[in-house]
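Here is the structure we will look at, set down as structure tokens.
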Amino acid sequence: MTKPTVAFAHLGCEKNRVDTEHMLGLLAQAGYGVTADEGEASVVVVNTCSFIQDAREESVRTLVDLAEQGKELIIAGCLAQHFQEELLESLPEAKAIVGTGDYQHIVSVLERVEAGERVNQVSANPTFVGDENLPRYRTTSEAVAYLKVAEGCDYRCAFCIIPKLRGDQRSRPIESIVAEAKTLAAQGVKELVLISQITTNYGLDLYGKPQLAELLRALGEVEIPWIRVHYAYPTGLTTEVLAAYREVVNVLPYLDLPLQHSHPEVLRAMNRPWQADVTAGLLERIRQQLPEAVLRTTFIVGFPGETDEHFQNLLDFVVEQRFDHVGVFTFSPEEGTPAAELPNQVPAEVAAERKDQLMALQQPIAAERNASWVGRIVDVLIEQENPSSGEMLGRCARFAPEVDGEVRVMPGEGGLCAAPGTLVPVRITAADTYDLVGEVVGAKAMVGAALASRAN
């Protein structure tokens, strides 16, 4: 009997994306048709996000829209883990819920749904983590892949619900990660993005101490030109880890540091007291040991108890540190987290004003950081092309997929172009606040640049 086609709707972070890709791979292996077009299928798996209220609202809107289209729903991911039976009760179209540690059961869940059962496949305490043996059907471009090195989180930041939704940290062995990286290299991947909740804590649960430096050195043997690490918490950026960043040629000197705030009192209230003593000194050490470092961070404004003085401290910190990329979020009081119960909640309009003020402060800094790249020849990963104009879009090492800027690439001398999925040398000719402009160059220009740098 022909198995039905199942559509997927993906919401949320790149960690959720990897889970979606495993579910796609498992269903395809079992003989199901899979598609991103909900119109082609009667059953839709919605992999949901429940990190903050806005994400929950987007997930619920997606579910309601699909239900109104007459689709049968399988609700997976963080919203399923968070609300469980409530979702089945409130949405008759929901035929199953699948928790964050249960997506590996998607085939049996679907078979039970086809047999007429309503399924609750949610483990109270998620313990599963996928590995290189789990089928995977990638949804990113051929040249970019995310690789989940660990699942869950052992930290208990006051504002964050992730440990409740994804469980404690559980790392994959180095051998497992390297094996998957080699498979991805064979598929043509040029950029591998390592992800987990706290990647600098990688291996702590498995080996008794963090092993990120050892993992990076092992991945240095894999033939992938760019390896990018997301979510490098300050305490984990040891001398050994920074040395691995510096010495392993395919590890990019790109550090995504979710600092959240600068003032010690706010950090204590966030249950991140360990951070206040390390941040400034660490950033100085990074710049000494990794002069080419590109620094991205995120901040939360409007956290309960954040005063004008606290916020001014954050503004001063951003001016002093001159980050390449900054993301700013307003505090979202998440039910079930300690921060939701804290006194002195900051009015939403005050938090929104602070967000706008911080972003406005960062914009000229970002423009200046980008401008410092004008005149350089850098590798750019081409991701799109416009055949009519010859113009290409891509990213250099300072821009991570989805969250940072792009490089608009013009054809070089003699119409020199490059196809999507290729890494090409590009001379940066202009910059604005978030993006760069450049042109493809050949060997002659690269030799000239090398000679000029030696002369200097």
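The values are calculated or read from the model by the stated rules, or taken from the named source; none is laboratory data. On a predicted model such as this, the values are computed, not experimentally measured, just so you know. Using ideal geometry, Cβ is built from the backbone for each residue, glycine included, and neighbour counts are taken over all protein chains shown. When the accessible area is computed, the model is the full protein with side chains, heavy atoms only, and any ligands, DNA or RNA have been set aside. Shrake-Rupley method; radii C 1.70, N 1.55, O 1.52, S 1.80 Å.
A few comments on the model shown:
- Filter result for E349 (more than 24 Å from the chain's Cα centre (by Cα), assigned to a helix (DSSP H, G or I), closer than 30 Å to P425 by Cβ and among the charged types (D, E, K, R)): no
- Hits in segment 138-155 - residues which are closer than 12 Å to I227 by Cα and under 12 Å from the mean Cα position of the chain (by Cα): A145, Y146, L147
- Considering each residue of segment 158-172 in turn, none proves to be polar (S, T, N, Q), more than 30 Å from V43 (Cβ to Cβ) and in a helix (DSSP H, G or I).
- Residue in segment 54-71 that is among the aliphatic types (A, V, I, L, M) and within 22 Å of C160 (Cβ to Cβ) present: yes
- So D168, is it surrounded by fewer than 22 Cβ atoms within 10 Å (Cβ to Cβ), farther than 30 Å from E383 by Cβ, in contact (Cβ under 8 Å) with a residue 12 or more places away in the chain and touching a Lys or Arg at 6+ places or on another chain (Cβ under 9 Å): no
- Condition check for F329: closer than 20 Å to D404 by Cα, open to solvent by 80 Å² or more (accessible area, probe 1.4 Å) and aromatic (F, W, Y): yes
- Look at segment 347-366: where a residue is touching a residue at least 12 places away in the same chain (Cβ under 8 Å) and a partner is of a type in the set (S, T, Y) and surrounded by fewer than 16 Cβ atoms within 10 Å (Cβ to Cβ), sitting 6+ places away or on another chain with Cβ atoms under 6 Å, you get Q363/T433; A366/T433.
- Scanning segment 36-80 for residues that are among the polar types (S, T, N, Q), in contact with a Ser or Thr (Cβ under 6 Å, 6 or more places away or on another chain) and open to solvent by 10 Å² or more (accessible area, probe 1.4 Å) yields a single hit, Q53.
- Checking L147 against (1) modelled with pLDDT of 95 or more; (2) open to solvent by 40 Å² or more (accessible area, probe 1.4 Å), the condition it does not meet: (2)
- Test: residue in segment 63-76 that is within 28 Å of F331 (Cβ to Cβ), β-branched (V, I, T) and at pLDDT below 90: yes
- Residues considered: F299, F311. Of these, the only one that is under 25 Å from the mean Cα position of the chain (by Cα) and either buried (at least 16 other Cβ atoms within 10 Å of the Cβ) or in a loop (DSSP other than H, G, I, E, B) (or both) is F299.
- Contacts under 9 angstrom Cβ, first residue in segment 367-396 being under 19 Å from N250 (Cα atoms), partner in a strand (DSSP E or B) and among the aromatic types (F, W, Y), 6 or more apart: D379/W226; L381/W226
- Subset tally (residues that are open to solvent by less than 20 Å² (accessible area, probe 1.4 Å) and touching a helix residue (DSSP H, G or I) at 6+ places or on another chain (Cβ under 9 Å)) for segment 12-23: 6
- Residues of segment 151-192 satisfying the condition of being over 17 Å from V129 (Cβ atoms) and touching a Pro at 6+ places or on another chain (Cβ under 7 Å): R156, A158, K190
- Members of segment 422-445 found to be open to solvent by 20 Å² or more (accessible area, probe 1.4 Å), under 28 Å from R296 (Cα atoms), touching a residue at least 60 places away in the same chain (Cβ under 8 Å) and not β-branched (V, I, T), listed by number: L423, A431, D432, Y434, D435
Rundown of residues vs (1) within 29 Å of P343 (Cβ to Cβ); (2) in contact (Cβ under 8 Å) with a residue 40 or more places away in the chain; (3) open to solvent by less than 20 Å² (accessible area, probe 1.4 Å), yes/no style:
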site	(1), (2), (3)
R246	no, yes, no
L259	yes, yes, yes
R268	yes, no, no
L282	no, yes, yes
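- Filtered residues of segment 270-279 (kept if surrounded by fewer than 19 Cβ atoms within 10 Å (Cβ to Cβ) and in contact (Cβ under 8 Å) with a residue 40 or more places away in the chain): N271, V278
- Scanning segment 361-418 for residues that are of a type outside the set (D, E, K, R), under 19 Å from V189 (Cα atoms), surrounded by 15 or more Cβ atoms within 10 Å (Cβ to Cβ) and in contact with a Pro (Cβ under 7 Å, 6 or more places away or on another chain) yields one hit, I382.
- Among the residues of segment 281-321, just one is among the charged types (D, E, K, R), modelled with pLDDT of 95 or more and touching a helix residue (DSSP H, G or I) at 6+ places or on another chain (Cβ under 8 Å), namely E306.
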